[in-house]
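These notes concern the structure reproduced below.
The values are calculated or read from the model by the stated rules, or taken from the named source; none is laboratory data. On a predicted model such as this, the values are computed, not experimentally measured, just so you know. Neighbour counts are summed over all protein chains in view; Cβ atoms, including those assigned to glycine, are modelled from backbone coordinates with ideal geometry. The protein model used for the area step is the full one, side chains on, heavy atoms only, and it has no ligands, DNA or RNA in it. Shrake-Rupley method; radii C 1.70, N 1.55, O 1.52, S 1.80 Å.
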Amino acid sequence: MSKTPIPLFPLSAHLLPEGRMALRIFEPRYTRMVKQACAENKGFVMCMLNASGDKSHNEHIYPIGTYAKVVDFDLLDDGLLGIKVAGLELVEVTDIAVESDGLRTGHCHSVAPWNCEISPQQLAPINERLKEIFAKYTEIASLYEETRFDDPMWVLRRWLELLPVDGGQKQQFLREGGGKSLLNYLYALIR
């Protein structure tokens, strides 16, 4: 990753590699961040919020985030900037600083991708349930030009984005390498 600080976009929503997310940008610091990222063909890091962390010490941002780039944008009917972002890679954020307008930046280091041997057969019924969610919530499905319900890592990452669990639990799955522990969690949840 870059040796220079990268802008951070902390949210309660979660984005992981190969994921897509639609966002409405209204705060001036994030409008500046998006304009700069687009002009320089660079990205920013989507970070998970830690509700119990101290904001004055930048502890309200969990350390593992996803480096993302803007893949589409539009001016929305309400006059706000709408963007679609794509998650590219997991990073660990350190040395968080705050710029004059409140935009946070941090040094980012790549996190090793999940290494989990899961066959497509082991995905059943987890991938089937994800297909049902995509069919029911077309606003999620419409973000993806291509879905890969037969790709175990793609399926697990989409589940981790969608699961209504605390950010701390999601960080734990990411620290553990995600695959097997998340798969076992999903089996217990779906059955």
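Computed quantities for the displayed model
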| read-out | value |
| --- | --- |
| Rounded accessible area of D150 (nearest 10 Å², 1.4 Å probe) | 110 Å² |
| Whichever lysines have a C-alpha closer than 19 Å to that of K180, once near sequence neighbours (fewer than 8 apart) are set aside | K170 |
| Solvent exposure, largest accessible area first (probe 1.4 Å, DNA, RNA and ligands not counted), of R20, R175, R129 | R175, R129, R20 |
| Given charges at Cβ of Lys, Arg, Asp, Glu: the chain dipole, positive-most of L76, A112, I133 | A112 |
| Amide hydrogen neighbours beyond the local backbone of N50, cut-off 5 Å, H modeled | I61, Y62 |
| Rg/Rg_ref, the chain, where Rg_ref = 2.2 N^0.38 Å and atoms are Cα | 1.04 |
| Options L103, Q172, N41, ranked by Cα towards positive dipole end of the chain, top entry (Cβ charges) | Q172 |
| Gaussian network model of the chain, springs between alpha carbon atoms under 10 Å - residue of G79, G53, G65 with greatest fluctuation | G79 |
| The chain: most fluctuating residue of L16, L156, L75 per GNM, C-alpha cutoff 10 Å | L75 |
| Separation of alpha-carbon centers, the stretch 136-191 and the stretch 57-78, rounded to whole Å | 19 Å |
| With every protein chain in place, the chain: carbon and sulfur % of accessible area (1.4 Å) | 52 percent |
| Cα-based reach from K35 at 18 Å (exclusive), listing lysines while leaving out same-chain residues under 8 positions away | K69, K84 |
